[in-house]
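The block underneath contains the structure these notes are about, expressed in structure tokens.
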Amino acid sequence: MLKFKKNVEIRKMDMSIKRPAVIIFLYILYGLLMSYFNVANIIFFTLLFISFVMLFIIFRDNSLRIIFMICIFLGTFTFFHTSYRLDYISDLDKFTDDNISITAKVVSAPSYKEKTTWIYVKDVKYELDGKIYTSKDKLQIVIYNDNGKYKVGSYYRFYGKVKHPIALKDFNYNLFLRTLNVYNYMNVNYKNIDFVMEDHFPFYLDKAFVLRDRYRSNLEINMKSEDNVNLLMGMLFSEKNVDDETYANFKITGLSHVLAVSGLHVGLIYAVIVYFLSMFDIKKRYRVFIIAPVLFIYVMLAGMSFSATRAMMLCLFNEVLSMKHEEDNDPFNHTFIIASILLLINPLSIFHVSFQLSFSAVMGIFLLSPVMRNKLLDVFNEDNNIVKYFIELFCISTSAYLFTLPIIINTFGAMSVISILCNLIIVPFIAPIIIMGLIGGLSGRFVFGYIVLNLLDMILTFIRRLVKILASVPFASVSVGHLNIVVLFLYYTLLLIFAGYITISKKKKSEF
């Protein structure tokens with residue numbers, strides 16, 4: 001009997017991961033969702049261990065194995081961090097449905113709607129059993145019958161009823177406030193508010209808020225329309241003082257993103273700073289120390305929205321990496337790094353619509369826009385820069401809209417049919433408006449600023465009237481029912497197939 005010995009050569013799998021930040025993000029997301037759906041610890045850790053073992057076997061690279069160990073740690077951390085955030089009970093919960101008096105510091109610019117004002121306060125002091133206590137938690141103040149001015153950084157005394165937010169039928173108000181690190185709100189009548197004293201933020205922020213107040217004052221002096229002043233402040237600093245009619249028109253036409261500071265605004269300011277620094281021949285290794293504080297202060301003044309924070313961090317990533325490794329600069333990978341950082345700080349951020357819209361729009365621009373642009377350039381075969389610009393604008397607007405559409409439908413229950421057309425018409429005006437607004441507002445006490453702001457006043461009036469006409473188009477906005485998980489999966493799968501990231505093999509016909 002002959003025995004044959006087979007020499008089997010086993011080769012190590014030469015596998016690599018181009019974007020490890022995506023893997024880290026997925027593990028953080030896994031920990032977050034398992035905690036949110038209250039999955040038992042034993043199930044969470046069992047699945048986590050199985051995934052780790054499989055990846056450890058498949059990938060032989062030690063550096064990748066270290067990344068997987070980091071993923072396990074971050075996924076576990078997020079699991080328990082999310083549980084803590086969901087179960088956290090504020091000091092003020094014991095006063096739920098009670099009328100109390102508090103002294104607190106205003107930390108956000110007021111938002112107005114009809115005769116109601118919303119502000120957020122911190123450093124809340126209250127009296128209990130003859131002793132003064134301080135709560136570290138942020139509190140939302142809802143002021144009725146008032147559109148008053150409340151200075152950021154100042155202390156006020158409020159008397160009203162403390163409420164614990166609840167989950168409504170179509171909107172989980174409790175979860176929404178927790179995404180903002182707020183656990184209670186207080187209903188207050190404007191007559192029950194007293195000014196206590198002024199206080200100051202750190203020097204640089206205090207001066208920044210003073211500069212913003214002076215900026216608004218310059219606008220009010222030089223621009224005839226108060227509605228245009230509010231519109232410009234909404235575009236530049238995300239102030240929510242736009243009149244109801246204008247806001248509704250922008251929402252119907254799919255232009256509500258214009259009324260909040262986003263990547264467009266931060267990117268423009270970043271480009272302007274880089275341009276001026278290049279005029280003075282400042283070396284790259286020093287630029288970041290000028291760019292970082294300027295962008296941080298601007299984003300702080302704009303309310304630290306997710307889109308603005310993401311854009312700021314992307315700009316800083318780009319600036320730091322361009323010092324030595326510009327060829328390794330990968331905005332797609334950086335986006336997942338930023339998303340991971342934000343979720344590690346507050347895992348519940350993922351349930352905030354601003355976070356969802358911001359990152360889904362970026363994914364659409366990265367994944368779908370280049371494919372659309374290449375196909376359209378092949379069709380039109382144009383070398384004209386103006387045509388290329390509008391093709392680029394169309395691709396960016398369309399890809400962002402398609403990736404955010406399910407979120408818009410599930411959040412607002414409606415979709416804008418004319419959004420892409422409206423973005424093509426209005427978005428080209430935004431960059432000049434931002435630049436003119438910044439220059440005119442800062443130089444508003446001089447003749448040059450007066451001329452710029454008066455011209456801008458006319459442009460904004462034209463924009464408001466044009467958006468109103470577009471919003472009046474029949475069926476501009478269509479009500480749509482809630483999309484379930486199956487529809488969402490099929491929708492995004494089709495988008496990825498169109499973009500070429502998922503391929504369907506075709507069977508060849510047999511020839512006889």
Next on the checklist: Scan region 215-238 and tell me whether some residue there is in the same structural domain as Phe355 (by TED's automatic domain parsing), in a loop (DSSP other than H, G, I, E, B) and at pLDDT below 85.
Outcome noted: yes
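Looking at Asp227, is it in contact with an Asp or Glu (Cβ under 8 Å, 6 or more places away or on another chain) and within 30 Å of Arg464 (Cβ to Cβ)?
On the way: in contact with an Asp or Glu (Cβ under 8 Å, 6 or more places away or on another chain): yes; within 30 Å of Arg464 (Cβ to Cβ): yes.
Criteria met by Asp227.
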Checklist entry - Name the pairs: first residue in region 246-274 and over 12 Å from Thr309 (Cα atoms), second residue aromatic (Phe, Trp, Tyr) and at pLDDT 80 or above, Cβ to Cβ under 9 Å, at least 6 apart or on different chains? => result Gly254/Tyr401; Ser256/Tyr247; Ser256/Phe250; His257/Phe250; Val258/Phe250; Leu259/Tyr247; Leu259/Phe250; Ile269/Tyr298
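Any residue at all in region 454-474 that is out of contact with any strand residue (DSSP E or B) (no Cβ under 7 Å at 6 or more places or on another chain), in contact (Cβ under 8 Å) with a residue 12 or more places away in the chain, part of a loop (DSSP other than H, G, I, E, B) and buried (at least 18 other Cβ atoms within 10 Å of the Cβ)?
So far as region 454-474 goes, no, none of its residues is out of contact with any strand residue (DSSP E or B) (no Cβ under 7 Å at 6 or more places or on another chain), in contact (Cβ under 8 Å) with a residue 12 or more places away in the chain, part of a loop (DSSP other than H, G, I, E, B) and buried (at least 18 other Cβ atoms within 10 Å of the Cβ).
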Item to check | Subset of region 225-244 (residues that are over 20 Å from the mean Cα position of the chain (by Cα) and either closer than 23 Å to Leu295 by Cβ or in contact (Cβ under 8 Å) with a residue 40 or more places away in the chain (or both)) | outcome: Ser225, Asp227, Asn228, Asp244
Checklist entry - Do any strands (runs of 3 or more DSSP E) entirely within region 85-183 hold 2 or more residues that are surrounded by fewer than 13 Cβ atoms within 10 Å (Cβ to Cβ), and if so, which? => result 116-128, 131-135
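The values are calculated or read from the model by the stated rules, or taken from the named source; none is laboratory data. Keep in mind the model is a prediction, meaning the values are calculated, not measured. Glycine also receives a Cβ, built like all others from the backbone with ideal geometry; neighbour counts cover every protein chain displayed.
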